[in-house]
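See below for the structure under consideration.
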Amino acid sequence: MSKTNRGWLPTYCQPDAFLPKVPETRVLFSRRPFLFQDFLGRAMSFLQGETIRKMGFVYNPETALPCKWRCADESVFGVDLCLYAYTGQYPFDKGAIGGMFNEASLGAAIHHGAINLDFGGSHVGYVPGENGGRFGAIWRPLHQEFSTDCGYLMGVIEPFKKVYEDACRNIFVYNPGGERLLVSIPNEFLHPDWSGHPIKLLVDIEALTAETVDYRDEVPHTHTMVGRSLFHVHPGFIQCLSPKQAHDFNSPRPTPIGRALTHQFFNIFDTKALLDEAGQPRQKLLPYMKHIVSASHSPEGLKAAIINTSLNHNALTDAVRAQAFLSYDFVSFTGVFIDLYDEDLQSYVNLFQPLGLTIKPQGCQREVEMTTEEIHHLLQEQTPATPVLPLADVLGFSEPEIPLEKFTYHPGYFTRP
Ligand SMILES: [Zn+2]
């Protein structure tokens, strides 16, 4: 009889539990992100143009309130300055640390302006370098060292990443008998009671393994090693391997499973996570955690920022559909801010990859929605508007010194350190 260890998973981690989709990193980053100030200049032109008027939205700079929802991190402060330069107004704050949308701010925001122009999303640091650069860190001039960025999001994913990497190093795949691949799994990755760590990574026995390897006195590799269980590998796992991985594993020497431990073959959860009445975690990133730590085309800091942005964009667009906001206009530009440190300017610089644009004209409950591809297409056609206040006066520079070609990441051109 085949065994399962899925019974020990919380409901939200069950492999058959539906998880709403978020945009794929490889699609989002098939185009280079905008410099935020350039994005904003083009967005302002778009707001004043014919296309959006035909969608039912009438822009009036006299009554429009620029709003931001972003992390409190000073590395994203340039976003506020750009909004100030382009509109001449101080942006209203709809955000909270970690790049969360603060729903409670909405009532006050419409009280201050009948048209809300929202710009927001999560942020992630980027350090240019070989193989697509490094995400999740930035130079902090006040400390004279690199540190995490977004510190909040990186802090959420860090303990999960450590447990995942431990599993990648200590689950072994090999072929000792010359016939079938075997997988040797530490018992703490099979049964939650075998690990004292609050974060449990459980290999999905049904997906990764076929039957257990029976003990045979005369065959030494079948002798049980303390703390480990030995299985035949499931054919479904072999089908997922690259030719190189398959070659490496087909050896009598135990080889760490490494990044071949993709999301289909394990689940990960925090036994201390706070849950709501429905059993869903309060930290909404948790159901996505196995995708974040094991993504093959997306550095985990970037993946976490994309997912967090998607979750909060949903919170924003859901909130503005309420009856109380029916008679107001909302235009919401959502995306991921990518922070770089410009050594020459001694200043942070922000790139912006749009994830979505929604337009909710007054009197409508449902919005016009646009994809990254559509936004790029639409904004590339625009001539950037002139800022109300010169960028050089507000930002301290009109153009970054750091060449934007330094952002070399694109999916497929990225190797993990
Ligand atoms: Zn942050």
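What the table shows:
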quantity	calculated
Selection of trypsin sites (Lys or Arg not before Pro), region 275-314, meeting DSSP coil and at most 13 other Cβ within 10 Å	282
GNM result for the chain, Cα springs below 10 Å: residue of 114, 43, 392 fluctuating most strongly	392
Cα-based equivalent ellipsoid, the chain: semi-axes from gyration tensor eigenvalues, Å	47, 23, 18
If the convex hull is drawn through the Cα atoms of region 254-335, its volume per residue in Å³	130 Å³
DSSP bridge pairs, region 57-192: antiparallel proportion in percent, nearest 5	60 percent
Most mobile listed residue (41, 258, 363) in the chain, GNM with C-alpha springs under 10 Å	363
Antiparallel bridge percentage (DSSP; both residues within the chain; nearest 5)	75 percent
Normalised alpha carbon radius of gyration of region 298-356 [divisor 2.2 N^0.38 Å]	1.49
Whole-percent pair-distance distribution, where bins are 5 Å wide, for the alpha carbons of region 127-279	2, 8, 15, 17, 15, 13, 11, 9, 6, 3, 1, 0, 0
Restricting region 7-114 to chymotrypsin sites (Phe, Trp or Tyr not before Pro) in coil, as DSSP defines it, with at most 13 other Cβ within 10 Å	18
Cα→Cβ-extended label distance, 7 Å offset, between residue 6 and residue 211, nm	2.2 nm
Gaussian network model of the chain, springs between alpha carbon atoms under 10 Å - residue of 149, 318, 38 with greatest fluctuation	318
Theoretical gain in end-to-end length, residue 272 to residue 18 [0.36 nm per residue, Cα-Cα removed]	89.2 nm
With Cα atoms, 0 to 90° folded angle of helix 151-170 axis to the chain main axis	20 degrees
Value of [θ]222 nm, deg cm²/dmol, for the chain, DSSP H segments ≥ 4, -39500 (n - 2.57) each, nearest 500	-8000 deg cm²/dmol
Net length gained if the chain between residue 386 and residue 146 were fully extended (0.36 nm per residue, minus Cα distance)	82.9 nm
Efficiency of FRET from Cβ geometry, residue 228 and residue 114, R₀ 60 Å, rounded to 0.05	0.40
Cleavage-rule hits (GluC sites (Glu not before Pro)) in region 264-354: DSSP loop, at most 15 neighbouring Cβ within 10 angstrom	277, 343
Net length gained if the chain between residue 50 and residue 282 were fully extended (0.36 nm per residue, minus Cα distance)	79.3 nm
Hits among aspartates and glutamates - C-alpha to C-alpha of residue 3 under 18 Å, sequence gap 8 or more where chains match	16, 188, 193, 204, 206, 211, 214
Least to most buried among 238, 52 (fewest other Cβ within 10 Å first)	238, 52
Per residue Cα convex hull volume in Å³ - calculated over region 46-173	201 Å³
Radius, Kirkwood style, for region 114-196 when every pair of distinct Cα atoms is counted (Å)	17.1 Å
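Only the coordinates and a few stated rules stand behind these numbers; no lab work does. All values reported here derive from a predicted model rather than from experimental measurement. No Cβ is skipped: glycine too gets one built from the backbone with ideal geometry, and neighbour counts run over all protein chains shown.
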